[in-house]
Amino acid sequence: MEDRNQIAQRKRVRSSSMPYTSKIIKATALLGDTKTLLSHWDVTATAAENVQRLQSENVFGKASRSRVEDILAIFRQRFMAEESVTKALVLLVKERFPAASLDRILYFHTAKADQLLFDIVTEIFYPKQAQGLVDLDALDVQRSIHKWVEAGKTASAWSEITTLRVTQGVLAALRDFGVLQGAKNKKIAPAYLTVEAFAYIAFYLKQHQPSGAKLVELPDWKLFFLPLEGVERFLIDAHQHGLLEYHAAGTVTRLTFPTESLAEYANVLAHRVH
């Protein structure tokens, strides 16, 4: 049994960040289902209206009602917390934005919506990759998750079975997103990010972190195994492609974009690749 100090510690840990959830068990990357949803989404209707219509139209074919409900719940968590994101993603799908870029963007938003997924990549995989280590041991990942559970980073205690299933779900999702490769023995895949996907992510982050200097140092870039120098190279590349304006001189960094909203910028990117 936990004593009062341990309970207080768990509460303190939880209040410092989003608690880890086990939702990944019910849905991995869901790339195909996500694109199906986005292609049928009506940005002029409410979320409830869209959900009701999508269920009645049976856009997922033979999927059971409970499975459709699981997919919709995950979709809301990952892509509907911000209306601007939903509108931008709908536009990118309907404009047939290349999968090489779109899949990276969907992975980014998925990781942002799932703190566990985010922390596994940025705190476990990134340091290994930076040392040139690419082979992964699923048991090591499971042990790390178990330690986080013990540290109170979940909303409630997880059983060993739950921890195992979450580990399997995380690894499967990251394989589907292209972060990992290998069926049984997983490895960290070679880092890949298109300049268009990078520019979209930079725009999104700029809306939440106005300082260009601080934006370059955000841990979010570790999702793509980008060190500080890598982010700066991408910014220069995106600047040369006319996707943004980036100027750095000493401690002064200026980063600007040609549009005000994420959806408008998504439209710019979509038409640049066609």
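I'd like the distance between the alpha-carbon centres of the range 49-75 and the range 223-274, rounded to an integer number of Å.
One Cα centre to the other: 36 Å.
Go through LYS26/LYS214; LYS128/LYS153; LYS112/LYS187 and tell me which ones have a Cα-Cα distance over 31 Å in this structure.
Distance filter (> 31 Å) returns LYS26/LYS214.
With n ≥ 4 as the cut-off for DSSP H runs, can you work out [θ] at 222 nm for the chain, using -39500 (n - 2.57) per run divided by the number of residues, rounded to the nearest 500?
When only DSSP H runs of four or more count, the value is -17500 deg cm²/dmol.
Under 17 Å from a point 7 Å along the Cα-to-Cβ line of THR21: which residues of the range 142-167 have their amide N that close?
Within reach of a label on THR21: 153-158, 163, 166-167.
Measuring from label point to label point, each 7 Å out along Cα→Cβ, what is the ASP140 to GLN115 span in nm?
About 2.5 nm, to one decimal.
What FRET efficiency would be calculated for the residue pair GLU49, GLU95, taking the C-beta separation as r and a Förster radius of 22 Å, to the nearest 0.05?
The pair GLU49/GLU95 has a calculated efficiency of 0.45.
Please work out the FRET efficiency for the pair LEU133 and LYS184, using the Cβ-Cβ distance as r and a Förster radius of 25 Å; give the result to the nearest 0.05.
0.85
Could you state, as a whole-number percent, how many of the C-alpha pairs of the range 115-188 are farther apart than 14 Å? Mind dumping the intermediate values first?
On the way: 1593 of 2701 pairs.
When all Cα pairs of the range 115-188 are counted, 59 percent exceed 14 Å.
LYS94: which lysines have alpha carbons under 22 Å from its alpha carbon, excluding same-chain residues fewer than 8 sequence positions away?
Qualifying lysines at Cα under 22 Å: LYS35.
Out of the trypsin sites (Lys or Arg not before Pro) in the range 142-190, which ones are loop residues according to DSSP with at most 12 other C-beta atoms within 10 Å?
LYS184
Taking 0.36 nm per residue of separation and subtracting the Cα-Cα distance, what length does fully extending ALA73 through SER261 add?
Details: separation 188, 0.36 × 188 = 67.68 nm, distance 2.59 nm.
The ALA73-SER261 span can extend by a further 65.1 nm.
Values quoted throughout were computed directly from the atomic coordinates according to the rules given, and no laboratory measurement underlies them. Small disclaimer: the values here were computed from a predicted structure and weren't measured. Every residue, glycine as well, gets a Cβ built from its backbone with ideal geometry; the counts of neighbours run over all protein chains shown.
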